[in-house]
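The values are calculated or read from the model by the stated rules, or taken from the named source; none is laboratory data. All values reported here derive from a predicted model rather than from experimental measurement. Cβ sites come from the backbone with ideal geometry, for glycine too, and all protein chains shown count toward neighbours. When the accessible area is computed, the model is the full protein with side chains, heavy atoms only, and any ligands, DNA or RNA have been set aside. Shrake-Rupley method; radii C 1.70, N 1.55, O 1.52, S 1.80 Å.
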Amino acid sequence: MKIITNRLHIRILRTSDLPNFTSYRSNPEVARYQGFDVMNAEQANYFITENLKNDFHIPGTWVQYAIAEKQSDELIGDCALKLHADEPRFAEIGITLSPQNQKKGFARETLYALLQWLFEEMNILRVIETVDARNEASINLLRSLRFREEGHFLQSGFYKGEWTDEKQFAMLRHEWDDVKHKIVLI
């Protein structure tokens, strides 16, 4: 997968991304609402190396992709995609950005591009994202892109030593077709 937007290049995560990847993945604030814990350089290197073996086209397999600045190809974050194990026309997504690249519209631009690729090129029927119910920034992002909130699950995730509520958001292909031209990216 290779997606190019106005400002970004979404591509395979590679070992040359290790310094930037380790920098933000070792930050407790970045990991706060995520399903992963902070990583040191050795763990980050292992993660990237193992990720290179993953294939998005195998249902049930998470694949992490780099979010890089288009001009410099510098890693600013990553996104994850997975086809549902029992229904490969359903995809799940997730996005992580470095702190210095948050609140600049990069997550919105990334998510829009992923939706476009999944629905229009991969012929996916349904895209979901599940978020920690306390993660207001992610919830606002999903709502701004016209995702529907499908559920609020009480104490459904155990993260960083505590039970947390989760919210699930989704979009269907026909909903994307209805809203994609109404979404302003910047």
Legend entry - Subset of the stretch 1-28 [part of a loop (DSSP other than H, G, I, E, B) and either surrounded by fewer than 18 Cβ atoms within 10 Å (Cβ to Cβ) or more than 14 Å from the chain's Cα centre (by Cα) (or both)]: Met1, Lys2, Thr5, Asn6, Arg7, Arg14, Ser26, Asn27
Inset, instruction - Check off (1) more than 26 Å from Gln116 (Cβ to Cβ); (2) of a type outside the set (D, E, K, R); (3) out of contact with any Lys or Arg (no Cβ under 8 Å at 6 or more places or on another chain) for Ala44 and give me the number that stays unchecked. - result: (3)
Inset, instruction - For the stretch 72-96, name all the residues that are touching a residue at least 40 places away in the same chain (Cβ under 8 Å) and either among the aromatic types (Phe, Trp, Tyr) or assigned to a loop (DSSP other than H, G, I, E, B) (or both). - result: Asp73, Glu74
Legend entry - Those strands (runs of 3 or more DSSP E) lying entirely in the stretch 101-186 with at least 2 residues of a type in the set (A, V, I, L, M, F, W, C) and open to solvent by 50 Å² or more (accessible area, probe 1.4 Å): 148-159
